[in-house]
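Contents: one structure, followed by commentary.
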């Protein structure tokens, strides 16, 4: 063998074709690290980048019920391998939590498997329910990692306008883009980040969900139709009963529509670093349901083998212990209230200063349109406000800042915009 030739080829020899142009462009974590370091040097710096919930004292918000659940776990529950496809107790716990009083209506038509956060569920959905020539339709204002996950699995995307001129969900544009794709490819995947969308904080109204369901049923008469609902922030959006009532509207989907709910326990239970979530596959077609579940377990085994046992069993413990669950629900209510208070103050101050923001309903983030987001972000950093720039906007994180910082942000924005 000519080793000299191999040495000369260097990096090109080592790279397979599928790693060309692979570079992590999801700058959120990197920007957050910079903001954290700056704040350590100067307490007047506002770190509005993080996708994690912080208390008013500036510390990461942690659930005491979660801490208690951890203390009750056995070594086996904490450290042993968990089954790739999950256990019956996990399946039922997730279904009961996610669907609430509508559990009985969903349970027969759903399959659950644990994933490393909601991201794992999205990764499985993109790779298993899209062919290489298919498209996933993404909202124009989005969590940018959607594109990266699609690129990783060699899939394509198109965007649809999220809002119409009145600031409501733009179903008309979604329909236009979806019809164009499904008429050509006979298959389309639509992603909805709802409720409390990242980055806008928008939540679909009940009437908008009903119209979306009608559109999906219409599309399913033309070709294969897949809906992916990224529900990462569902437990910070509205009252538990209200969000589950909205979920029940998807029971009206045709059997030909396959739905994937991407649930993030990392968000709902504050388990960010433990990386635990669930992929919930829903369809009234039992044969497709079984095959879809098997395929996704296969993918999970191939990619990450199994999900964090400690994360899975924290959830099992809390949701199946009435005392712990009651404590958790109380803490979850307080965290939603804390977020709402910050949002209300922010909106009121923005209105006073005559500043616009994209329609916000609830959740961790609020977004402002920007023609030159990178340039604007740099100017804001000079004024000690660290935010995340996207392609067409800047994202402000209400979850990670205090009320005092919430009050200061609009004044900084007024000065720079």
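Observations
- Selection count, the stretch 293-328, where residues are touching a strand residue (DSSP E or B) at 6+ places or on another chain (Cβ under 7 Å) and crowded, with 18+ Cβ neighbours inside 10 Å: 5
Let's see how each residue does on (1) in a helix (DSSP H, G or I); (2) in contact (Cβ under 8 Å) with a residue 12 or more places away in the chain; (3) under 19 Å from residue 258 (Cα atoms):
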{"position": "149", "(1), (2), (3)": "yes, yes, no"}
{"position": "154", "(1), (2), (3)": "no, yes, no"}
{"position": "166", "(1), (2), (3)": "no, no, no"}
{"position": "174", "(1), (2), (3)": "yes, yes, yes"}
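- Wholly within the stretch 14-114, helices (runs of 4 or more DSSP H) carrying at least 3 residues that are assigned by TED's automatic domain parsing to the domain that holds residue 144 and either surrounded by 15 or more Cβ atoms within 10 Å (Cβ to Cβ) or at pLDDT below 95 (or both): 88-99
- Failed condition for residue 192, given (1) more than 19 Å from the chain's Cα centre (by Cα); (2) outside any helix (DSSP H, G or I); (3) without any contact (Cβ under 8 Å) to a residue 60 or more places away in the chain: (1)
- Residue 388 falls short of the stated requirement of being touching a strand residue (DSSP E or B) at 6+ places or on another chain (Cβ under 7 Å), crowded, with 18+ Cβ neighbours inside 10 Å, modelled with pLDDT of 95 or more and farther than 19 Å from residue 239 by Cα.
- Among the residues of the stretch 195-225, just one is in a strand (DSSP E or B) and either free of Cβ contacts under 8 Å to residues at least 24 places away in the same chain or buried (at least 24 other Cβ atoms within 10 Å of the Cβ) (or both), namely 225.
- Condition check for residue 228: in contact (Cβ under 8 Å) with a residue 60 or more places away in the chain and within 26 Å of residue 395 (Cα to Cα): yes
The values are calculated or read from the model by the stated rules, or taken from the named source; none is laboratory data. As the structure is a prediction and not an experimental result, all values here were calculated from the model. Glycine also receives a Cβ, built like all others from the backbone with ideal geometry; neighbour counts cover every protein chain displayed.
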